[in-house]
Amino acid sequence: MRRKISLMLFFICLFISINAQDHICFRNIPINGHLSVFVQKMKTLGYKSIYSSEKAEVFEGIFAGKEANIYVLASSKSKTVFKVTVLYPKRETWLKLKSEFLDMKDLFQKKYGTPNDVYDFFDSPYEEGDGYEIQALKSDKVHFVVFWDDKDGVIELSIDESCQVQITYEDNKNTIIANRELDASRLRDI
């Protein structure tokens, strides 16, 4: 009987670990499952919820040693978590933004290795060093984006037009579910 229970526990643990490996993780939490379950796991890590809706939860707390807001997004029907986005506070200068971006890029490279794609350029008529970097950023003329992707999902590090460093973890399988549910909802309308 003991052997049977031990064997059953082994297979349950194996199933859980195999299932968890099919999804990208945020803070060692697989980006998977119902929004309410993911929210509880985030709270266990010490994050404080500051906004809640049917398809999203926003937290504040520390990520990679810095204050940030963390957005957890879920699909429209099944409420399956598919994306987590970290937003650092707005920065007033290009130097501070770029420094924070490069610091995070270095950290992610240490963990995930060489990125799959790197973009770091300005669109004409702007160029780095001209003193108009923030204006260019707000005009969507700056492209500082780095991607790490694998079979489970994509991690994107970027500087957005709101003068913030943003990190997005997007699960491949659950993004398909979210898109399918959104399409079904939209098709019902037409």
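The values are calculated or read from the model by the stated rules, or taken from the named source; none is laboratory data. Please read all numbers here as calculations on a predicted model, not as lab measurements. Cβ sites come from the backbone with ideal geometry, for glycine too, and all protein chains shown count toward neighbours. Heads up: the accessible areas ignore ligands, DNA and RNA and are worked out on the full protein's heavy atoms, side chains in. Shrake-Rupley method; radii C 1.70, N 1.55, O 1.52, S 1.80 Å.
Points worth noting:
- Gap separating the Cα centres of segment 84-142 and segment 165-190, nearest whole Å: 26 Å
- For the chain, the relative contact order works out to 21 percent when only alpha carbon pairs closer than 8 Å and six or more residues apart are counted.
- Protein accessible area in the chain, 1.4 Å probe - carbon and sulfur %: 54 percent
- Pairs from the list Lys77/Lys105; Lys79/Lys141; Lys43/Lys173; Lys48/Lys98 with a Cα-Cα gap above 32 Å: Lys77/Lys105; Lys79/Lys141.
- Residues of type aspartates and glutamates that Lys151 reaches as a straight line, Cα spacing below 13 Å, ignoring anything fewer than 8 places off in the same chain: Asp22, Glu170, Asp171
- Charge context of Lys79, other residues only, Cβ under 11 angstrom, K/R +1, D/E -1: -1
- What the phi angles of segment 118-130 give under the Karplus curve with 6.51, -1.76 and 1.60, with θ = phi - 60°, is a coupling list of 9, 10, 8, 8, 10, 7, 4, x, 8, 8, 4, x, 7 Hz, glycine and proline written as x.
- Per-residue ³J(HN,Hα) for segment 174-190, Karplus 6.51 cos²θ - 1.76 cosθ + 1.60, θ = phi - 60°, Hz, x for Gly and Pro: 6, 5, 4, 4, 4, 5, 4, 5, 5, 4, 4, 5, 5, 5, 5, 6, 9
- Using the Cβ of Ser185 as centre and a radius below 12 Å, the other residues enclosed give a net charge of +2, where K and R count +1 and D and E count -1.
- Stokes-Einstein D for segment 99-167, Kirkwood Rh over Cα pairs, 10 °C, 1.306 mPa s (µm²/s): 125 µm²/s
- Working note: 222 nm ellipticity from helices only, DSSP H runs with n ≥ 4, each -39,500 (n - 2.57), summed and divided by the residues of the chain, gives -12500 deg cm²/dmol to the nearest 500.
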